[in-house]
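The structure appears right after this line, and notes come after that.
Computed from the coordinates by the stated procedures, all read-outs in this text should not be read as laboratory data. In this text the structure is predicted, and so the values were computed from the model without any measurement. Reconstructed Cβ throughout: ideal geometry from the backbone, glycine too, with neighbour counts over all protein chains shown.
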């Protein structure tokens, strides 16, 4: 298989399919899941949806203060602060919520989402939040996420060629911690050891790629050798 500058016909989905989960048994969690689903299925435009559901999520958080469901509702408020960016209020809204979340819910296993929602914070805010996550959380998944967030705030490698300290942690202590459909070790290795530009030139054999297809099955790019393939690199922001 060779890299060609043409529009291709087969779509390789490297991200796994969304898998259904059993509904939560806790009534508070059920209430939150229903609210999240209602927002997700709303026909309102993004900003209008945020405005319409904001008071309901705030009321839910007040009503269930101290619960894990409150922590999740607060994370929704943090993520949705994105829709305030044009007003210049995104960072000033998201940061106090995140600080309060870390103060009152240090045991939450959902704190890793603060790294996923990095786009609602300034670089300085991210630094402070992720360092705090390392201090307060007992969960490897949260600590790994914090190291991942901190690693991206500085060059991947030091002057001597070694990985920066946070990437080094992810290649060692946290290499087997799950990150979506992969692990922090694998995603870190890809960032620290990228393909050389010459290996990605038009006409060169495509580098080997392994992942999960849309049915959740393991796949390799080499399985499609001899066929035209479109690689769709996408994000969910």
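A few remarks follow.
- Only beta bridges with both residues in the chain are counted; by DSSP, about 80 percent of them are antiparallel.
- With neighbour counts taken as other beta-carbon atoms within 10 Å, the residues 202, 136, 115 rank, fewest first, as 202, 136, 115.
- Relative to the dominant Cα principal axis of the chain, helix 123-136 is inclined by about 80°.
- What the Cα atoms of the range 46-220 give is an Rg and a Dmax of 18.7, 60 Å.
- Sorted by Cβ neighbour density within 10 Å, fewest at the top, the residues 53, 233: 233, 53
- Each helix, a run of at least 4 DSSP H residues, gives -39500 (n - 2.57); summed and divided by the residues of the chain, these come to -14000 deg cm²/dmol at 222 nm.
- Axis angle, to the nearest 10 degrees, between helix 140-151 and the longest C-alpha principal axis of the chain: 70 degrees.
- Each Cα pair under 8 Å and six or more residues apart adds its separation to the average, and for the range 56-164 the resulting relative contact order is 21 percent.
- Each Cα pair under 8 Å and six or more residues apart adds its separation to the average, and for the chain the resulting relative contact order is 27 percent.
- Computed from the C-beta positions of residue 198 and residue 224 and an R0 of 35 Å, the FRET efficiency is 0.90 to the nearest 0.05.
- Segment residue 209-residue 154, length gained on full extension (0.36 nm per residue, minus Cα span): 17.2 nm
- Sorted by Cβ neighbour density within 10 Å, fewest at the top, the residues 219, 133: 219, 133
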